[in-house]
Amino acid sequence: MMSSRKAVWIKRVVMATAFVSMTAIPSVQAQNSQDLINRLQRMQNELTTLQRYVYQGKPSRGATTPNVSVGASSNAAMARLSNRIIQLEGEIRRLTGANEELNHKVSQLQTRLDKMSTDLEFRLKTLEGGGPSADGTGQVPLVSDGTPPPQTPLNVPGADRGVKPFGVNPSLPPKSGGQVAAVPPVLKETPEQQYDRAHGLIVKKRDFAAAERVLTDFIDANRKHRLAPNAHYWLGRTYFVRSNFEQAAIAFAEGFQRYPKSKKAPATLLNLGMSLSRLGKNREACTTYSRLAKNFRKMGSSVKRRLASERKRSKCRR
């Protein structure tokens with residue numbers, strides 16, 4: 001009778017162990033799977049030993065223990081198996097909870113990424129001028145009479161300091177019907193005025209960036225003007241004083257190439273050599289200085305003094 005009850009109990013243990021092995025292994029994370037397999041293997045070995053004791057009534061090889069000690073050892077083994085099954089169930093519950101928490105975090109991250117992607121796409125369309133309209137069609141909606149609705153005033157940078165949108169003159173009285181009167185055209189500068197403005201930006205205000213823009217516009221529009229050689233020289237100087245020696249060399253070289261016999265040619269060629277020297281091209285600078293001394297024997301005293309000092313700086317041979 002005792003043996004039959006043990007056999008029934010062992011069958012239940014075997015079924016519980018099989019159930020645990022079927023439900024636990026798929027849900028356990030990779031780092032714990034090998035440990036569970038090892039535990040189940042030990043449990044299977046102990047169950048095999050118990051089955052040999054109960055059904056065959058044979059002790060293990062080399063054992064001489066009486067039947068009473070066999071029953072006691074089988075009870076202890078079953079108790080150990082029961083404890084291990086309880087431990088495995090707790091481990092499975094813990095791993096299942098951790099897995100569900102990870103899935104929840106992944107879902108939250110995916111939601112945030114989707115929102116960021118949608119927001120970025122909307123911002124890009126807005127910057128490109130293709131943002132969606134209020135009705136979602138991408139077109140400007142019309143009012144009942146077929147005309148576009150009044151536009152919202154743009155937020156012009158510097159409006160709080162008196163900067164107004166281009167094309168609107170608030171000092172002019174509105175015309176009949178609420179329209180703003182046309183802005184009177186700005187008088188166009190003469191080439192001489194444009195050159196003088198650039199020269200004043202360099203000498204008086206020392207605003208070399210603004211002078212660069214004015215001189216570039218002057219050169220593009222007045223290549224044959226008598227002040228064009230001077231404009232090339234001063235354009236090169238706007239780069240040189242800002243240590244942009246590469247652009248300075250290009251401006252001086254272009255100015256000398258276009259106007260090799262102008263009054264500004266010696267100073268332009270001298271500054272070309274100085275720009276090359278600052279770029280570390282002393283050999284090219286010395287060649288430029290030699291050409292200057294050869295082609296312009298009657299140069300100004302200030303150019304002559306600077307040529308001598310720059311030749312020493314670049315270690316030029318006479």
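Run the simple label-point estimate for ALA210 and VAL303 please: 7 Å along Cα→C-beta, distance reported in nm.
A separation of 3.1 nm, rounded to one decimal place.
Give me the dipole magnitude in Debye, nearest 20, for the range 191-314 about the Cα centre, with unit charges on the beta carbon: positive for Lys and Arg, negative for Asp and Glu.
740
Which one, ALA251, GLY236, CYS286, is farthest towards the positive end of the dipole of the range 191-314 when Lys and Arg carry +1 and Asp and Glu -1 on their Cβ?
CYS286
Whole-Hz Karplus ³J(HN,Hα) for the range 90-99, in order, using 6.51 cos²θ - 1.76 cosθ + 1.60 and θ = phi - 60°, x for Gly and Pro?
Result, ordered by residue: x, 5, 5, 5, 5, 5, 5, x, 5, 5 Hz.
Taking 0.36 nm per residue of separation and subtracting the Cα-Cα distance, what length does fully extending MET116 through GLN41 add?
22.1 nm
Using 0.36 nm per residue of separation minus the Cα-Cα distance, give me the extension gain between ARG80 and HIS104 in nm, one decimal.
5.0 nm
Could you give the length gained on full extension between ASP217 and SER290, defined as 0.36 nm per residue of separation minus the Cα-Cα distance, in nm?
So the extension gain works out to 23.0 nm.
For labels at ARG94 and LYS315 in the simple 7 Å Cα→Cβ model, what's the distance in nm?
Between ARG94 and LYS315, the label points sit 7.6 nm apart.
Please go through the residue pairs LYS204/LYS264; LYS224/LYS263; LYS224/LYS264; LYS205/LYS304; LYS224/LYS304; LYS264/LYS312 and name each one whose alpha carbons sit more than 26 Å apart in this structure.
LYS205/LYS304; LYS224/LYS304, as the Cα separations exceed 26 Å there.
I'd like to know how the range 233-318 sits against the 2.2 N^0.38 Å rule of thumb: what's its Cα Rg over that expected value?
0.97
Could you give the dipole magnitude of the range 272-312 about its Cα centre, charging the beta-carbon of Lys and Arg +1 and that of Asp and Glu -1, in debye to the nearest 20?
160
Using θ = phi - 60° and the Karplus curve 6.51 cos²θ - 1.76 cosθ + 1.60, what whole-Hz ³J(HN,Hα) does each residue of the range 263-272 get, with Gly and Pro shown as x?
5, 8, 4, x, 5, 5, 5, 4, 5, 5
Just so you know, all these numbers are worked out from the coordinates, no wet-lab data involved. Computed from a predicted structure; not experimentally measured. Cβ sites come from the backbone with ideal geometry, for glycine too, and all protein chains shown count toward neighbours.
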